[in-house]
């Protein structure tokens with residue numbers, strides 16, 4: 001599977017450029033909504049990405065399934081190179097649509113100990129408020 005379509009790549013790059021421009025002009029960095037989710041189809045690892053620099057380094061939330069998700073950088077090339085059992089690789093969640101800023105996902109993931117569980121909590125809370 002191709003992990004990034006040209007459209008996703010363009011959105012990720014636009015978010016990175018917006019952050020760079022804000023920092024250059026002394027403004028606070030934006031807190032964009034994640035653009036893409038990657039996952040291990042035979043394991044617990046999940047990644048959300050909101051930005052990508054010109055070298056293919058993504059920024060987002062990484063949860064390797066050990067109970068301590070964190071915000072940081074990870075390389076697209078490394079995700080693409082992972083070989084899993086049964087000839088599988090890392091997949092892109094084709095149905096993912098970010099609903100909250102990246103910092104909200106990160107905070108929920110850290111509190112829940114899991115990116116997926118944190119997202120469930122956020123979605124339930126939004127639905128209870130009539131927002132989803």
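Details
- Being modelled with pLDDT of 95 or more and in a helix (DSSP H, G or I) is a condition met by at least one residue of segment 92-103.
- Matching residues, segment 45-64, being in a loop (DSSP other than H, G, I, E, B) and either modelled with pLDDT under 95 or within 12 Å of the chain's Cα centre (by Cα) (or both): 45
- Of all residues in segment 88-132, those satisfying the criterion of being over 14 Å from residue 60 (Cβ atoms) and touching a residue at least 24 places away in the same chain (Cβ under 8 Å) are 88, 89, 91, 99, 113, 114, 116, 123, 126, 132.
- All positions within segment 15-44 that are under 20 Å from residue 75 (Cβ atoms) and part of a helix (DSSP H, G or I): 15, 16, 17, 19, 20
- Qualifying position, being touching a strand residue (DSSP E or B) at 6+ places or on another chain (Cβ under 7 Å) and either under 17 Å from residue 8 (Cα atoms) or at pLDDT below 95 (or both), among 126, 132, 106, 75: 75
- Flag if residue 72 is out of contact with any helix residue (DSSP H, G or I) (no Cβ under 8 Å at 6 or more places or on another chain), part of a strand (DSSP E or B) and farther than 21 Å from residue 6 by Cα: yes
- Single residue of segment 1-14 satisfying the filter (part of a helix (DSSP H, G or I) and surrounded by 12 or more Cβ atoms within 10 Å (Cβ to Cβ)) that is nearest to the chain's Cα centre (by Cα): 12
The values are calculated or read from the model by the stated rules, or taken from the named source; none is laboratory data. Everything numeric in this text was worked out from a predicted model, so none of it was measured. Counting neighbours? That spans all protein chains shown, and the Cβs are built from the backbone with ideal geometry, glycine included.
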